[in-house]
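Read the structure below first, then the notes.
The values are calculated or read from the model by the stated rules, or taken from the named source; none is laboratory data. Being a predicted model, the structure only gives us computed values, none of them experimental. Cβ placement follows ideal geometry from the backbone for every residue including glycine, while neighbour counts extend to all protein chains displayed. All accessible areas refer to the heavy atoms of the entire protein, side chains included, with ligands and DNA or RNA removed. Shrake-Rupley method; radii C 1.70, N 1.55, O 1.52, S 1.80 Å.
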Amino acid sequence: MKSKNQSATLAIAGRWAMILAMSASVVAAGCSRSNGVDASNAAKGKPNVLVILADDLGYADLSGFGSEIQTPNIDALMSEGRVLTNFHATPLCATSRSELLTGVDHHLIGVGAMSDTSYFYPGNEQYQGVLNDGAPTVAQILRDAGYHTYMSGKWHLGGDGPNAVGFEQSFAMDYSAAFGSNFKATSANPESSAKAYLENGKEAEIPDDFFSSDYFVDKLLSFFEKDRRDGKPFFAYLAFQAVHFPLQAPDKYLDLYKGKYDAGYQVVRDARITRMKSLGIIPQDFNPNPGSETTMIRFGQPGVLTNPSWDSLSASDKQSEARLMEVYAGMLVNLDDNVGRVIKYLKKTGQYDNTLVIFTSDNGADGMGYGFIPYTDLSNPASVLSIDNSLANYGKRSSFLFRSTRWAEVGTAPFRLFKSFTAEGGTAVPTIMRVPKQSGGEPRSGEFATLRDVVPTILAYTDVAAPGAQYQGKAIAQLEGTSLKPLLQGKAGAVHGPDEVIADEVNDIRVVRKGSWKMTQIRNYMLPSAAEFLNHNWQLYNMDTDRGENVDVAAQHPEIVAELTAEWDAYAQRVAYVAPLLPPQLPALPLPIVQQLEAQLTSSQLQQYLLKFIQP
């Protein structure tokens, strides 16, 4: 029986917004010929490439990076490859995926923003979140060179999906979806966020025991096995939805970390930082960011709506927050088990030794939730009625959970902020690269590198030329990254020179880097909601001495601020940056949410924040 408040919340929120057999028809592998040489024959003997992308995985979430969550399969990859401790994504999902697949700035290929926020950029094709033909994907380039190309997982780049941009075989969640339930919807469990899955562009039937990470690997292994004996190398892109919300895991994973988070945010974060230092992930003298004391509002219940300290939480909130992280831990262990399944298959079939393996994340840990409360599918407002977020159901079918702001700061330790922001916590991601024929681990590298460097690295190891100024008769954007092959071979020297400028913005949250200097600005007050009370000026940090971004030195170095501002302006012009067109006010907040905010904000903060919303 729902209370009046719950019913009111639902009513207002309603306004808000394998079968394992392969299909009989298989998309034919496109063999190209150059100078009379069959590309598929020319490719034989070349290395395979496996790119594994985790979703919203924080810098400190793997045990090899200091976490209490044991991820032995990814840790084994660390011991066999090279760990990149200063590797960066963009601050959000789709923008990162587009750069990972093309090596080009996301603004130049239709993904200036995610499709989820494209309505803030009306009529602007570069900000629709749909990958266009402004540059070929690495799948297209390698398929032209005779490779098999496979994709399994979350696409989130819209359009006609993976098969339209070079993937021979694909299994993917709804091409535009940022997230979806990890379980199959049934009559007993409608799954409010269930999404369609497509195999090679056609809607696929999924089994009743479907769990996203398990099934993505099932499909990828079936693609491998079908073509294993034809001698052609493969490029495979395994893009987990885990550990993105909704936080869910199969039952056997849900209690693995029971009680591990009862001590609270700071205790867990401090322990991770200590282990990171002992593992050599960060220097012994690293000065970690302590986490923000500025009030940050988040939308993602159950859970607290701001970022209070652990000691200030009620007993029931502590119980809820601890259980959220237990579920998160189980979801990550399941992801690690599935990484292990892929590596085991490659070793068993004799392919691992000749495979370039790249593991990374699309951005930092999420601490914001989604939209408004509770989650509802705006195209189907009644879907909120299928959510069961009772404590006993956390992480199970029909639950819809988010990582909270303070737990996100644990995930991005020792850095500042988290997903959505261009601070280190939003873009620094755990990254491992294991090259073909590598027999043991190599020393960690702290050289600055980015997702734009992945495609040049893959092309260097596969000995495939970049397409140049045109692809299939069309002018294209040029690769912007740098091959990491020299670094991975142990050669000394920076990947990016001291005079190279690397800049970005997503939703008008900006960054520009040059040499040791990094400057960030949060221009957007609305996206994400945590931005409201944060500093909105340009902030300047010296990455050589303060990667924790503790001391803003903009006032001490006005000449650097002026130089980097000019560099950002030039970048903005090059990529045709536009600011989001934000509405003057949003629809009214549900009364129960206003009441919770009243208890967690000062009166002036509450007044300032509610100005964004139409008053009921």
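Points worth noting:
- All positions within the stretch 474-486 that are under 24 Å from the mean Cα position of the chain (by Cα) and open to solvent by less than 50 Å² (accessible area, probe 1.4 Å): A477, E480, G481, T482, S483, L484
- Qualifying positions in the stretch 487-515 - open to solvent by less than 30 Å² (accessible area, probe 1.4 Å) and closer than 20 Å to R444 by Cβ: L487, L488, V495, H496
- Hits in the stretch 196-224 - residues which are touching a Phe, Trp or Tyr at 6+ places or on another chain (Cβ under 8 Å) and open to solvent by 40 Å² or more (accessible area, probe 1.4 Å): E203
- Residues being basic (K, R) and in a loop (DSSP other than H, G, I, E, B) - total across the stretch 425-459: 2
- Residue check, S187 modelled with pLDDT under 95, open to solvent by 30 Å² or more (accessible area, probe 1.4 Å) and not in a helix (DSSP H, G or I): yes
- All conditions in (1) open to solvent by less than 60 Å² (accessible area, probe 1.4 Å); (2) modelled with pLDDT of 95 or more hold for L606, with the sole exception of (2).
- 3 or more residues open to solvent by less than 10 Å² (accessible area, probe 1.4 Å) and modelled with pLDDT of 95 or more: qualifying helices (runs of 4 or more DSSP H) within the stretch 70-150: 93-102, 138-144
- Qualifying residue in the stretch 553-560 (condition: β-branched (V, I, T), part of a strand (DSSP E or B) and crowded, with 17+ Cβ neighbours inside 10 Å): no
- Among the residues of the stretch 562-599, those that are in a helix (DSSP H, G or I) and either open to solvent by less than 30 Å² (accessible area, probe 1.4 Å) or within 25 Å of D116 (Cα to Cα) (or both) comprise L564, W568, Y571, A572, Q573, R574, P592, I593, V594, L597.
- Verdict on S278 being in a helix (DSSP H, G or I), of a type in the set (G, A, S) and open to solvent by 10 Å² or more (accessible area, probe 1.4 Å): yes
- Residue within the stretch 303-310 that is at pLDDT 95 or above, part of a helix (DSSP H, G or I) and open to solvent by 10 Å² or more (accessible area, probe 1.4 Å) present: yes
- In the set (1) part of a loop (DSSP other than H, G, I, E, B); (2) modelled with pLDDT of 95 or more; (3) surrounded by fewer than 21 Cβ atoms within 10 Å (Cβ to Cβ), the condition left unmet by T422 is number (3).
Per-residue answers, yes or no, for (1) outside any helix (DSSP H, G or I); (2) within 30 Å of L597 (Cβ to Cβ); (3) at pLDDT below 95:
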position	(1), (2), (3)
L324	no, yes, no
A329	no, yes, no
N338	no, no, no
K347	no, no, no
I358	yes, no, no
